[in-house]
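Colleague: Following this message is one structure expressed as structure tokens.
Every read-out reported here was derived from the displayed coordinates using simple, explicitly stated rules and does not represent laboratory data. Every value quoted in this text rests on a predicted model; they were computed, and no experiment measured them. Neighbour counts are summed over all protein chains in view; Cβ atoms, including those assigned to glycine, are modelled from backbone coordinates with ideal geometry.
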Amino acid sequence: MRYRRIEGEAVVLRQSAAEVLVLNEVGASVLDLADGEQTVGAWIEALIGEYDADPAALAREVLEFAGELREAGLLETLAGTTAVEPPP
Amino acid sequence: MSFGSGFLRFPDLFPGRRSGEPWGDRAVALDVAGGPYLFSGLSPLQEEAVRHRFAGLCRDGGDAAAPVVPVTSRVFRAPASDFLEIDVRGWEYTLDMEHGPGSMRLAGLRLMARLDWTPALAGGLWTSEAAGEEWTSVFENWFRVLAAYRLLEESGVVLHSAGVTDGTSAWLLLGPSGAGKSTSSRLCLERGATVLSDDLNAVFLDAGGGARLARLPFTGDLAGLPGGPAAYPLKAVLRLAQGTEDRLRPLTPAAALASLVAAAPFVNRDPWRREALLAPLERLARSVPAWELTFSLGGGIWDILRTLNA
């Protein structure tokens, strides 16, 4: 997916849907991490280390956001991966 | 729906190259941002219509190719039977475009056109319209697309916008149809501003930072005034939003970039020119302040814009 990082946020151009999306810093970080190699669990660990936030709350936000991106067609689940549950 | 099927009776017979029977042997060169633009193959009536519509921007034929190499576009005949009859009442007209790495195809009301990068940009237009308002409409629709693509090659972008100036600086008001470009332009005009256009404007990025707003001869409800400098330093980008009071809200560079991309007609749908579009717009979003603006009908908008003359 093509996107532009600009001062912490990300701009995603979805030409097929004639849409332009702006993602906040956390969303932009998720796009940076969604390289097809790392699991969602790895994203959460990386973001917990980067942001001074409650780990459980951050994990829920990331999973929810990943779901939204998938519904929007911006992310897809790779074969062989499993769903990640947020930490208790 | 496949390309062209909404406008063309035989979309599979779309011209594969810029050839055909020209309407005539006349030509017009227009001095418009990114140009000059040389249109050849016109009939006398078509030439007359273009010269009338774009009065003040026509170069003499002898100057057309010197010293700057013009962007060329040739006009060819197409039989009326090539085009579908369409009831346009209550219909929003959107050109049909198909993009490729080395070319772009366009279909619309009584028009077919193509742009080729061979390697210089060159265009071809096929139409059944011989003269009059119908011909002028076809020509202008094509010219708008041609200018949008041409400006990308000149570190510029065509934007759906209103452009206003106080004679020294300029402000860009972004918004789709119905956002208030014409209304805001009229309010500024009543308070002493000059309106460059209330529909399409060109922005050029300067090598040393900053940007310039240049007039284009494509207007909406307000006809732009001829004359004046070719371009003005751009002081701010304003994204128009619905509202009843005068209010400014700063936009992040990312939000500004998204608004600019959304406002770049024709080329923002072209995946092969995506980076060519994003590069200048990102520079613009990073270098010129951007705001979201709602405005009342009391006319305070012009005073607000002038406070942004940083």
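Colleague: Once you put a point 7 Å from the Cα of B:ASP221 and another 7 Å from the Cα of A:ALA17, both along the Cβ direction, what distance in nm separates them?
Modeller: Label-label distance for B:ASP221 and A:ALA17, simple model: 3.3 nm.
Colleague: Which residues' amide hydrogens lie under 5 Å from the amide hydrogen of A:ILE6, considering only partners 5 or more residues apart or on another chain, with H built in the peptide plane?
Modeller: For A:ILE6, whose amide H was placed from the backbone, the distant partners under 5 Å are A:VAL11.
Colleague: Angle check, please: helix B:253-262 long axis (alpha carbons) against the longest principal axis of chain B (alpha carbons), in degrees 0 to 90, nearest 10.
Modeller: The two axes meet at around 30 degrees.
Colleague: What FRET efficiency would be calculated for the residue pair B:SER296, B:ARG51, taking the C-beta separation as r and a Förster radius of 41 Å, to the nearest 0.05?
Modeller: 0.50
Colleague: Right, something else. Spin-label point model (7 Å from Cα, Cβ direction): what's the B:THR94 to B:ARG249 distance in nm?
Modeller: 2.6
Colleague: If you don't mind, there's one more thing I want to ask. Given charges of +1 on the Cβ of Lys and Arg and -1 on the Cβ of Asp and Glu, with all other atoms neutral, how large is the dipole of region B:11-152 about its Cα centre, in debye to the nearest 20?
Modeller: Roughly 380 debye, rounded to the nearest 20.
Colleague: Treating the angle as unsigned and between 0 and 90°, give the value, to the nearest 10°, between the Cα long axis of helix B:44-53 and the longest Cα principal axis of chain B.
Modeller: 0
Colleague: Where Rh is the Kirkwood radius over the Cα pairs of chain B, the temperature 20 °C and the viscosity 1.002 mPa s, what D in µm²/s does Stokes-Einstein return?
Modeller: 106
Colleague: In whole Hz, what ³J(HN,Hα) sequence does region B:100-112 give by Karplus (6.51, -1.76, 1.60; θ = phi - 60°), x for Gly and Pro?
Modeller: After applying 6.51 cos²θ - 1.76 cosθ + 1.60, I find x, x, x, 7, 9, 10, 9, 10, x, 5, 6, 8, 10 Hz.
Colleague: Still on this model: Per-residue mean of other chain beta-carbon atoms within 10 angstrom of the beta-carbon, peptide A:11-20?
Modeller: Partner-chain Cβ atoms within 10 Å, mean over residues of A:11-20: 5.
Colleague: Note down the Stokes-Einstein diffusion coefficient of region B:163-310 in µm²/s, whole number, using a Kirkwood radius over alpha carbon pairs, 37 °C, and 0.692 mPa s.
Modeller: On the way: Rh = 15.3 Å.
In µm²/s, the coefficient is 215.
Colleague: What is the spin-label model distance, in nm, from B:GLU140 to B:ARG191 if the labels are put 7 Å beyond Cα along the C-beta direction?
Modeller: 2.8
Colleague: Here's another thing I want to ask about it. Evaluate the relative contact order of chain B (contact order divided by residue number), counting alpha-carbon pairs under 8 angstrom at least 6 apart; express in whole percent. It would help to have the intermediate numbers written out before the result.
Modeller: Values: 640 pairs, mean separation 45.9, N = 310.
Once divided by the residue count of chain B, the mean separation gives 15 percent.
Colleague: Treating the angle as unsigned and between 0 and 90°, give the value, to the nearest 10°, between the Cα long axis of helix B:132-152 and the longest Cα principal axis of chain B.
Modeller: 60
Colleague: For n ≥ 4 DSSP H runs only, could you compute -39500 (n - 2.57) per run for the protein assembly as shown, divide by its residues and tell me the 222 nm figure to the nearest 500? Write down the numbers at each step before the final one.
Modeller: Numbers: 9 runs with 109 residues, N = 398.
Here the helix-only value at 222 nm equals -8500 deg cm²/dmol.
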